[in-house]
Every structure is written in C-alpha cells, then in structure tokens.
Amino acid sequence: MTQHEAWMRKALAQARRGWGRTSPNPLVGALVVREAQLVGKGYHERAGEPHAEVHALRDAGEAARGATLYVTLEPCSTSGRTPPCTEAIINAGIRRVVIGCRDPNPAHEGRAMQRLRNAGIEVVCNVLKASCAALNEAFFCWVRHHRPFVILKLAMTLDGKIATAAGESKWITGDKARAHVQHWRQWADAILVGGETMRMDNPSLTVRTPADWPCQPRKLVWTRRNAVGNDLKVCSDPQNMPRCIRPESPQAWRTFMRTLGDEEITALLVEGGGELAAACLRAQVVDKVMFFVAPKILGGRNSRPAVGGANPPSLREAVGLHEMRSRRIGKDLLITGYLSNVHRLD
C-alpha cells in the first residue's frame, strides 16, 4: 500500500461517518496531512451543510498552508447549497490535493482538478478509485441516470423459500442478519414492499437502530389498493405515511424510477415479496441483489419462492450476476451481486 492509499483509506473511514445522512449529496471524507502528520479531518455530515473539505480545512487551521489534502471525491467547483470547495482549498494554501475518484456529473467532471492546477496546486487522482466510487454508487447512478440505485433484498431458506404456503416468514434469518438490514435501511431514501408482504408481516419499514435515527426512509407499497389499513405498523408515523404505487409494465417501472429520481430519491431498497421481486427483475430496474440465505430447508411445493412471477420458457431467461461476493452474517450467508442485464457504472 502506498502512502497515498493509506491516507485515502482513512479518508474513506471519515466519509462513512455520514452514512445515510447526506442524501441527495454523496458521502465524502477529507484529511489534511502535513509532514506525514494528520492535522485536520472532516466529513460531509448532511445536505446543505459544509462539505468534507471545509470541515477538514477548518480543523487544520493555519497548519493547512503547504499541506496535502486527501478527499474521496473530486471537490465541487460550482456554487450550490454551499460555496465551491475549490476556492476554499486555494485560499487555505493547500500544496497538493489527492482525490479518490472524479465527479460523476459529466458537466462537472475534471473541472475542479483543472481549477486547482491553474492555481498552481499539484493534483493526484484515482487513488483507491474503485472503493471511493463504490461508496457512492447510489449517488453516481442518480446523477448520471436520474433514477435511484435499486437493491433487492430478500431473506430465504437454502431451498429458496421466503415463507410457508400460509405466509409465515418470521424469522427465516437470525438476529445478526436482521441487524445488518437496519444498516441498509439507513442507506435507503425509500423502501418498497409488496402489499401482501406488508399485510402478512406487518413491517414498520423504518430504521429502528438507532432509535433516534433522523432520516427515516419514505415508504412505498406495491399494491392495487389505493390505501393501506391504518392499523398496520407502516402507518404509525403520520408524518411518513405509505404511498401506494402499482407500475406493471417495464416502461411504467422506468417512468416511476425517473419520478423517484426527480424527488431526490437516490437509493431504493426493495424488500419483497416474491411477486414484487419478479416484477422488478422483469422490468430490469434492479441494480444489485442482497440475498440472505439461512441454513434451513423448508420444502413444500406451495411454500413461497424468493422470486415468483410467470414461469420462464427456458433457462435462457435466467438473469446473470457479476461481481458476486459472499460472507457470513451470524449463522446466515449474505450473497450480493450486480445484475448483468442492467447498466452498471464503472
């Protein structure tokens, strides 16, 4: 690992401190390093507030003059909710800027680096590029395609069942897997669930850990009904009532995703059930799957499958995955992968 990579890893750790709180802005971390010593650090805490670079420069104070700034994403070069970070960097007297990855917006990509170089500042780019981009894959997708990044999350038995024939599903996976889902609910701007799953499982569709989480996701229910029963947990917060939606065709799904993008929903978590999972996969709106597999075999020809829908005519209809990974979460196995038939960002 090079010196730049070692510091960039620390900057990434700073960026993750803003997990779930910055949307529709990206997660960004920054460090100010002078003579191999950390003299300032910061991260983007929430949209509309100072960016990571500004926090780090303020933390460093006069020690920033002649120092190196490490930042996980190319600094902003235009005014938005806050002034451009490029000017703050120049005014602080920074000598070198090391950047994790470029701005994903084609209209802005590379502009900050050119502005800094024009001011006589050395610029190094693409240090731990893949890790820095992966941290903000939802933001990158939203900026480039004007729709949210969609993760399909399902919990199933080893034989691919998510519930008994009667709909019983609590609990297929263990405590640690369910706690991990809370981490991803923090990431989500909205959660989508099928109407039958909502009625059978009665989920809250909220972040419960920590209890005082300030950025609760919006709630979406895929149902033919115009409303859901007020006695369900999903209706417990009058300030965040569920929204009933029913796109059917692939075109309707794509239109709906663009609508969510217009509403600054950058990250959508789809939590099942099987018919909703099939509809989203058929419409090619799922970017990534997150399947929790429990060490259990349920059996039963009428037990509910993880993915329902119409019977495919041949194996050629199967959707491939790439960049697959697996790891243990307690007693369960978490398998993730990207849909090969959906455009993926580098």
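Tally time: how many residues in the range 279-298 are surrounded by fewer than 21 Cβ atoms within 10 Å (Cβ to Cβ) and among the aliphatic types (A, V, I, L, M)?
6
Take the range 174-218 and flag every residue that is within 21 Å of the chain's Cα centre (by Cα), within 20 Å of Pro242 (Cβ to Cβ) and open to solvent by 70 Å² or more (accessible area, probe 1.4 Å).
Those that are within 21 Å of the chain's Cα centre (by Cα), within 20 Å of Pro242 (Cβ to Cβ) and open to solvent by 70 Å² or more (accessible area, probe 1.4 Å): Arg208, Pro214, Arg218.
Among the residues of the range 299-314, which ones are more than 21 Å from Val193 (Cα to Cα) and open to solvent by less than 30 Å² (accessible area, probe 1.4 Å)?
Passing the criteria: only Gly299.
Residues of the range 304-346 being of a type in the set (D, E, K, R), assigned to a loop (DSSP other than H, G, I, E, B) and at pLDDT below 95, which ones?
Result: Arg344, Asp346.
Where residues in the range 59-112 are within 26 Å of the chain's Cα centre (by Cα) and more than 23 Å from Arg46 (Cβ to Cβ), which of them is modelled with the lowest pLDDT?
Ala107
Of Glu74, Glu53, Glu87, Glu62, which residue is among the acidic types (Asp, Glu) and over 30 Å from His146 (Cα atoms)?
When all the criteria are applied, what remains is Glu62.
Can Ala64 be described as touching a Leu at 6+ places or on another chain (Cβ under 6 Å) and surrounded by 18 or more Cβ atoms within 10 Å (Cβ to Cβ)?
Criteria met by Ala64.
Among the residues in the range 3-22, are any closer than 22 Å to Ala267 by Cβ, among the small types (Gly, Ala, Ser), open to solvent by 40 Å² or more (accessible area, probe 1.4 Å) and modelled with pLDDT of 95 or more?
Yes, because at least one residue in the range 3-22 is closer than 22 Å to Ala267 by Cβ, among the small types (Gly, Ala, Ser), open to solvent by 40 Å² or more (accessible area, probe 1.4 Å) and modelled with pLDDT of 95 or more.
Go through (1) closer than 30 Å to Asp201 by Cβ; (2) among the aliphatic types (A, V, I, L, M); (3) touching a helix residue (DSSP H, G or I) at 6+ places or on another chain (Cβ under 6 Å) one by one and return the number of the condition Met156 breaks.
The single condition Met156 does not satisfy is (3).
Return the residues of the range 219-236 that are assigned to a loop (DSSP other than H, G, I, E, B) and surrounded by 13 or more Cβ atoms within 10 Å (Cβ to Cβ); say none if nothing qualifies.
Start the filter on the range 219-236 by keeping residues that are assigned to a loop (DSSP other than H, G, I, E, B), which leaves 223-232, 236.
Once the filter is applied, which keeps residues that are assigned to a loop (DSSP other than H, G, I, E, B) and surrounded by 13 or more Cβ atoms within 10 Å (Cβ to Cβ), the range 219-236 yields Thr223, Val228, Leu232, Ser236.
Tally the residues that are at pLDDT 90 or above and of a type in the set (Val, Ile, Thr), restricting the search to the range 208-254.
3
Could you list, in sequence order, the residues of the range 72-102 that are open to solvent by 40 Å² or more (accessible area, probe 1.4 Å) and part of a helix (DSSP H, G or I)?
Scanning the range 72-102 gives Glu87, Ile90, Asn91.
Just need a number here: residues in the range 47-71 that are on the phi > 0 side of the Ramachandran plot and either touching a residue at least 40 places away in the same chain (Cβ under 8 Å) or in a loop (DSSP other than H, G, I, E, B) (or both).
Matching residues across the range 47-71 total 2.
Considering each of Glu317, Glu275 in turn, give the residue that is open to solvent by 80 Å² or more (accessible area, probe 1.4 Å) and more than 23 Å from Gly167 (Cα to Cα).
None of the others qualify; the one that does is Glu317.
Take Arg102 and tell me if it is out of contact with any strand residue (DSSP E or B) (no Cβ under 6 Å at 6 or more places or on another chain) and basic (Lys, Arg).
Criteria met by Arg102.
The values are calculated or read from the model by the stated rules, or taken from the named source; none is laboratory data. Bear in mind the structure is a predicted one, so any value in this text is a computation, not a measurement. When we count neighbours, we look across all protein chains shown, and the Cβ atoms used for this are built from the backbone with ideal geometry, even at glycine. Just so you know, the surface numbers come from the protein's heavy atoms only, side chains and all, with ligands and any DNA or RNA stripped out. Shrake-Rupley method; radii C 1.70, N 1.55, O 1.52, S 1.80 Å.
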